[in-house]
Every structure is written in structure tokens, then in C-alpha cells.
Amino acid sequence: MKIYTKTGDQGQTSLIGGTRVPKHHLRIEAYGTLDELNSWLGLIRDQDINETHKIVLTDLQHAIFCLGSQLAADPEASKMKLPDVKQEDVQMLENQIDWMNERLPELKNFILPGGNTPASYCHVARCVCRRAERLMTELHEHQPIQLLYLSFINRLSDYLFTLARKLCYEHNNEEILWKTRP
């Protein structure tokens, strides 16, 4: 199988189901941003972090891939049965957030992104996740998508924020507190 098809050379691509759309179509932007997010999660997973975090990140990468495939399908033209995000994925994120929060100092201030390299990657991934969420909510206004997808992506950004804090804590780095300037 060749990697290149030459069918996108004129700025169009196909959704699952065959519908041709411009490469800047909102649906393409949304799942393209999920792909970018998935790459950041792979980078975080490849850092020197706890094996449990790596397992969770891998599970999340699979879920993001499922979500991306759902967004890549034309809901009116595709007959293909695609893997999907499940309520259990949202619950897993909530469980992970709660587990990490129980082991972290109480958050009393805003914090600045940073602390160490893995935590910084988490903050970048969180920003990409928020962008994906903005695109997905806009897509939802034009072509409704499952509300579960919005819950998942929202919770994922909370998870990435909490993971950044946990990675600072596990590596004995201080969080940088945001302070107003005079």
C-alpha cells in the first residue's frame, strides 16, 4: 500500500463515507487537532515517568484515535462501524484525576506551565486539547456530535493539567505559582 494517493493534491480530502471536503473543513481541523494531541501524548509517554502513567497515556491514545475516526466519518454517508469512545473512558479519566489529586498538595493558586520537561509537555498537550475542544464544540453547533465526545475531551484537558502537577511532584520540582504584577 502506498502512503501517497495524490487525491489530496488539489486541497480536498475524503471523509469516511466518501464525501469530499476541503482540507480546511472544520471536521478535518477537529480530527487533525486530535492527531496532534495524540502525538503530544506519545511524547509525554516516552519521557522518564512512572509506568502507570505510561499505561494510562497509551489507553488514552487509543481512545483519541477512536474519537478521531468518529470525527473523520461523514455521519450521513458512512455505513462503516467504527471504534468509539465509551463512558468508561470518561470515568477512567475522572478516576485518574481523583487518584492524583489525593496525592497532591491542595491547589490554592494558579500555576504557570513548566516545572520539568514532562510536565511542560503535559501543559502543551493540555493547550492542544483545549483547542480540539473548541473545534469540536464549533463542529457540534453545525453538525451535532455525541455529547460524550465533548465530555471526554473536556476531562482529558483536566487530566493533563493534573498529570503535569503530579509529574512535578514526583520529580521533586516546585510548581511555579502565578502572582499578579504590581
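Here are some notes:
- Flag set for Arg126, criterion: within 15 Å of the chain's Cα centre (by Cα), within 18 Å of Lys54 (Cα to Cα), surrounded by 15 or more Cβ atoms within 10 Å (Cβ to Cβ) and basic (Lys, Arg).
- A single member of Gly8, Gly32, Gly42 is buried (at least 18 other Cβ atoms within 10 Å of the Cβ), at negative phi and without any contact (Cβ under 8 Å) to a residue 24 or more places away in the chain, and it is Gly32.
- For region 105-112, the criterion of being of a type outside the set (Gly, Ala, Ser), within 30 Å of Asn172 (Cβ to Cβ) and either under 19 Å from the mean Cα position of the chain (by Cα) or crowded, with 18+ Cβ neighbours inside 10 Å (or both) is met by at least one residue.
- Residue within region 89-103 that is assigned to a loop (DSSP other than H, G, I, E, B), out of contact with any strand residue (DSSP E or B) (no Cβ under 8 Å at 6 or more places or on another chain), surrounded by 15 or more Cβ atoms within 10 Å (Cβ to Cβ) and not small (Gly, Ala, Ser) present: no
- Considered as a group, the residues in region 11-29 that are hydrophobic (A, V, I, L, M, F, W, C) and without any contact (Cβ under 8 Å) to a residue 60 or more places away in the chain include one that is surrounded by the most Cβ atoms within 10 Å (Cβ to Cβ), and that residue is Ile28.
- Candidate set from region 18-47 (those that are among the small types (Gly, Ala, Ser), farther than 13 Å from Leu71 by Cα and assigned to a helix (DSSP H, G or I)); member that is farthest from the chain's Cα centre (by Cα): Gly42
- For Gln146, the conditions (1) surrounded by 15 or more Cβ atoms within 10 Å (Cβ to Cβ); (2) within 27 Å of Ser14 (Cβ to Cβ); (3) modelled with pLDDT of 95 or more; (4) not hydrophobic (A, V, I, L, M, F, W, C) all hold with the exception of (1).
- Only residues that are under 21 Å from His140 (Cβ atoms) and not hydroxyl-bearing (Ser, Thr, Tyr) were counted in region 1-22, giving 5.
- Residues satisfying the stated conditions in region 127-150, i.e. more than 15 Å from Asp84 (Cβ to Cβ), touching a residue at least 60 places away in the same chain (Cβ under 8 Å) and outside any helix (DSSP H, G or I): Gln143
The values are calculated or read from the model by the stated rules, or taken from the named source; none is laboratory data. Computed from a prediction, not measured in an experiment: that's the story for all the values here. Cβ: placed from backbone, ideal geometry, glycine included. Neighbour counts: every protein chain shown.
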